[in-house]
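As structure tokens, the structure follows; a few thoughts come after it.
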Amino acid sequence: MSQTKVKKLTPEQAALIPVYRDKWREIALSPGPINRSKAAETIKAAYAIMGKKPPEIIFCDRPYEAADIIVSQLDNPKSLLRSQLESKLRGELEKKLRSYLRSKLESQLERQLQSQLEHQLYTELQSQLWGPQEEDLTREASNKLSQQFSGTGRKIHWLTLGKQIDNCIQPELLAAYGSLLDFCISVLNLPHSYGRNWIVFQSIVRDCGWIYPYDKVCVVCERPIALSADSNHRLHAEGTPAVQFADGFSIYAYHGVILPEWYGRLHPHQWQSKWVLKEQNAEVRRALIPGITYDRICQELEVRELDSWQEYTLLSIDFADDFDEEGNPKPVYLLKMTCPSTGLIHALRVPPNVRSAKEAIRWVNWGTDPEEFSVQT
């Protein structure tokens, strides 16, 4: 007789899902410096799992400095070991975990665990936190290599360079899978017989920065010495770097949007409304607006009054952060509210199809007509 599969977690087990997600997020995002001795031992153990001899291990202060090393590997793509290392390291772990989950849990519960632990954490770290950082660092690496090749007569093949830069194991993304596996071992009592694969896996996430594995050389990068994120786990800092490495290299970000240094090094209180008119990058412009606040923009920039009702005024502002299908800029509409007792001004953005102050008030208040308000606030 087949064993009855578990359809749902107990309340106590379900309550531990965010605990394990937070645990592995914290492990993955711990700032440096890394313990280079432990990292070196971990790399040697990982190569042994692949059946490879210990490589020459080179440590870099920040990821794009690996560009100085990978230039020598450009003509030998067969030496890239990222796929092989990830396959060997995770292969046994994934095989046993899948077998266990499918034999013990209903498929719906299996998908729920993968979604709430592995997939959710991976998406968060990749798209909201490390994706922007990787993009910035990749750009730095490309610029560095372009400068290095200029005047040498040697041409750089950008597709090959892309493969070289992509030959990178990011421990913080492996942490997403670690959260799922750890939960199954510790909470669901998955038989723990993974041996050195699980030990090496944990050490890579805990003790290493980004890893560029080649046949005979492995480049290991230091972690940032400082990293700051908002409550939604997006890169974010106000007036200071969101990511900073020991040698001073910094990345500035505001709620997940990478900012040029001339914006990022200033606190949003110091940002000027007129910058919104000059900024050409739409994503950066959209980040500047809430940082400056609509309230200040209403007071400091030229706006057009379209309609008013009591202490409410519908405004149109002269800059645009969106475009219609023909590529024409769309105006931005704001509902300005002036407090009768204090004179303080507050502004909210409203949809472009709003044509009157009362209609804007109705939209802000979830369809309630302003005439129905018992007390005006």
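For the structure I just gave you, tell me whether A246 is within 18 Å of R21 (Cα to Cα) and either small (G, A, S) or touching a Gly at 6+ places or on another chain (Cβ under 6 Å) (or both). For A246, the condition - within 18 Å of R21 (Cα to Cα) and either small (G, A, S) or touching a Gly at 6+ places or on another chain (Cβ under 6 Å) (or both) - is not met.
Counting only strands (runs of 3 or more DSSP E) that sit wholly inside segment 254-323, those with at least 1 residues that are acidic (D, E) and in contact (Cβ under 8 Å) with a residue 12 or more places away in the chain are 303-309.
Residues that are modelled with pLDDT under 90 and loosely packed, with under 15 Cβ neighbours inside 10 Å are absent from segment 254-269.
For segment 182-214, a tally of residues being surrounded by fewer than 17 Cβ atoms within 10 Å (Cβ to Cβ) and either outside any helix (DSSP H, G or I) or on the phi > 0 side of the Ramachandran plot (or both) returns 6. Looking across segment 242-253 at every residue that is outside any strand (DSSP E or B) and crowded, with 22+ Cβ neighbours inside 10 Å, the one that is farthest from the chain's Cα centre (by Cα) is identified as F245.
Within segment 206-226, the set of residues being closer than 14 Å to P171 by Cα and among the aromatic types (F, W, Y) comprises W210, Y212. For segment 95-108, a residue qualifies if it is in contact (Cβ under 8 Å) with a residue 12 or more places away in the chain and closer than 15 Å to L190 by Cα, and the qualifying residues are K96, L97, Y100, L101, S103, K104, L105.
For I292, state whether it is under 34 Å from the mean Cα position of the chain (by Cα) and at pLDDT 80 or above. Considered against the rule, which asks whether it is under 34 Å from the mean Cα position of the chain (by Cα) and at pLDDT 80 or above, I292 comes out as yes.
Going through (1) surrounded by 17 or more Cβ atoms within 10 Å (Cβ to Cβ); (2) at pLDDT below 80; (3) not in a strand (DSSP E or B) one by one, A347 falls short only on (3). Exactly one residue out of K44, K23, K8 is touching a Pro at 6+ places or on another chain (Cβ under 6 Å) and either closer than 28 Å to R102 by Cα or at pLDDT 95 or above (or both), and it is K44.
When the test is whether a residue is farther than 20 Å from I185 by Cβ and modelled with pLDDT under 90, M50 does not pass it. Out of E326, E311, E300, E305, one residue alone is at pLDDT below 80 and either in the same structural domain as N353 (by TED's automatic domain parsing) or under 29 Å from the mean Cα position of the chain (by Cα) (or both). It is E326. Of all residues in segment 227-253, those being in contact (Cβ under 8 Å) with a residue 60 or more places away in the chain and over 18 Å from L173 (Cα atoms) number 6.
The values are calculated or read from the model by the stated rules, or taken from the named source; none is laboratory data. Computed from a predicted model, the values in this text were never measured in an experiment. Positions of Cβ are generated from backbone atoms using ideal geometry, with glycine treated the same way; all protein chains shown enter the neighbour counts.
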